[in-house]
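These notes are about the structure you will find just below.
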Amino acid sequence: MDAKDTMTLEIFRYHPETDSEPRFQPYEVPYNEDWVVLDAINWIKDHVDGSLTHRWSCRMGVCGSCGMMVNGEPKLTCAAFLKDYYPFGIKVEPLVNFAVERDLVVDMDGFMDKLQEVKPYIIRDDVNDTSEGEYRQSPAQLAQYKQYSMCINCMLCYAACPVAGHEDEFLGPAALALGHRYNKDSRDQGQAERLDVMLAGEAIWGCTFVGECTVVCPKHVDPAGAIQQAKAMAAQEFFKGFVMPKGTGA
Amino acid sequence: MSADGRGPATGGRAAGRSDEALWWALFSAGGVMAALFVPAFVIVTGFLLPAGDPAVAAERTAQFAAAVGWWPVKLALLGVLALSLVHCGHRIRHTMMDLGMRRYSGLLKVPCYGGALAGTIWAAMLLWVI
């Protein structure tokens with residue numbers, strides 16, 4: 001590899017307090033085979049332009065902070081290698097379907113609200129005393145939800161989902177997968193409560209099964225699968241409602 | 001929908017579970033029917049029955065028509081047709097919503113599922129006279 005090789009990153013810039021509209025700024029970065037897009041952005045921030053603003057933390061696909069649009073695709077920039085784009089340029093933008101706060105940083109408030117809405121914690125009618133020990137779970141019971149618990153809240157699925165972009169009532173892939181994760185947990189007793197939220201309005205029904213959420217998920221969570229399972233669960237509950245009216249939980 | 005206060009936002013959703021579970025269940029069942037049986041019907045009635053020697057084909061078609069005249073077959077056919085039509089209506093409704101008619105999602109039920117119902121009644125009438 002030629003040490004003098006470079007690559008061009010075209011980066012979305014927008015400072016709402018000074019810019020009337022967003023623009024793209026090109027930066028020459030050294031090409032290094034081991035570098036990911038995040039390394040290049042950090043290099044720009046450290047060596048060229050300290051005003052460039054982006055989120056990042058772990059650099060190893062665990063924290064879910066560095067999601068951006070890389071050449072139009074939602075990606076964790078810590079997992080997008082320069083060598084996969086070399087020698088062509090790379091265009092970096094903030095995740096679509098979110099409001100931009102500054103440069104590559106998007107507003108996560110709406111997403112955080114949606115996560116909270118599905119009550120993503122174990123709900124119990126009866127709470128055992130700690131002296132009784134833990135709630136036991138078999139490997140088969142764990143397998144029911146484990147995949148859906150791997151989400152790192154990187155929001156790539158929201159950027160990939162065409163419904164999340166135009167339907168505010170839609171809870172979105174990650175939140176629905178998370179709700180489903182607790183509904184499938186054998187220790188949980190809050191399914192009815194959670195389904196009241198998930199089945200209202202367009203919360204889950206907005207999904208038209210495009211499936212892109214599952215395609216872009218860096219942790220193989222399969223939110224589209226979770227949503228389909230949750231819909232099937234909802235349909236069962238709907239028909240059960242006629243056989244056993246108003247039976248909540250018990 | 002950013003929340004400045006504590007509790008989560010509701011996204012402006014109407015409280016209470018939506019009746020969409022019913023339509024989705026019918027859509028889902030219709031999807032299975034449309035995917036499994038409709039292509040088979042097209043192949044059988046459109047290609048296999050009329051294939052080959054016309055005299056043999058006519059006899060074959062007559063046998064098939066006789067089988068369709070049996071009422072359990074009629075009932076099964078009606079089920080396949082009705083569910084496939086609801087599947088189609090639901091997909092059209094959601095496509096219209098995606099094309100910007102989301103706020104009319106309730107109103108769209110009338111032509112979409114109404115159309116499916118009309119098609120089902122028509123199919124039932126045709127099956128009745130076979």
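The values are calculated or read from the model by the stated rules, or taken from the named source; none is laboratory data. None of the values given here were measured: they were computed from a predicted structure. Neighbour counts are summed over all protein chains in view; Cβ atoms, including those assigned to glycine, are modelled from backbone coordinates with ideal geometry. All accessible areas refer to the heavy atoms of the entire protein, side chains included, with ligands and DNA or RNA removed. Shrake-Rupley method; radii C 1.70, N 1.55, O 1.52, S 1.80 Å.
Here A:Leu115 fulfils each of the conditions (1) within 14 Å of chain B (Cβ to nearest Cβ); (2) open to solvent by less than 50 Å² (accessible area, probe 1.4 Å); (3) touching a Phe, Trp or Tyr at 6+ places or on another chain (Cβ under 7 Å); (4) in contact (Cβ under 8 Å) with a residue 12 or more places away in the chain apart from (3). Among the residues making up the range A:164-176, those that are surrounded by fewer than 24 Cβ atoms within 10 Å (Cβ to Cβ), touching a residue at least 12 places away in the same chain (Cβ under 8 Å) and farther than 14 Å from A:Met198 by Cα are A:Gly165, A:Glu167.
Candidates in the range A:185-219 are the residues that are in contact with a helix residue (DSSP H, G or I) (Cβ under 7 Å, 6 or more places away or on another chain) and of a type in the set (D, E, K, R); of these, the one that is nearest to the other protein chains (Cβ to nearest Cβ) is A:Arg194. The listed residues are B:Val56, B:Val129, B:Val73, B:Val86, and the only one of them that is away from chain A (no Cβ under 14 Å), among the β-branched types (Val, Ile, Thr) and under 21 Å from the mean Cα position of the chain (by Cα) turns out to be B:Val73.
Residues of the range B:13-30 that are outside any loop (DSSP other than H, G, I, E, B), out of contact with any Lys or Arg (no Cβ under 8 Å at 6 or more places or on another chain) and surrounded by fewer than 19 Cβ atoms within 10 Å (Cβ to Cβ): B:Leu22, B:Ala25, B:Ala29. If the condition is being charged (D, E, K, R) and either assigned to a loop (DSSP other than H, G, I, E, B) or under 12 Å from the mean Cα position of the chain (by Cα) (or both), then the range A:91-111 contributes A:Asp103, A:Asp107.
Picking from residues in the range A:112-134 that are more than 16 Å from A:Gly172 (Cα to Cα) and in a helix (DSSP H, G or I), the one that is modelled with the highest pLDDT is A:Ser131. Counting only helices (runs of 4 or more DSSP H) that fall entirely inside the range B:35-129 and contain at least 2 residues that are at pLDDT 95 or above, the qualifying elements are B:71-96, B:109-129.
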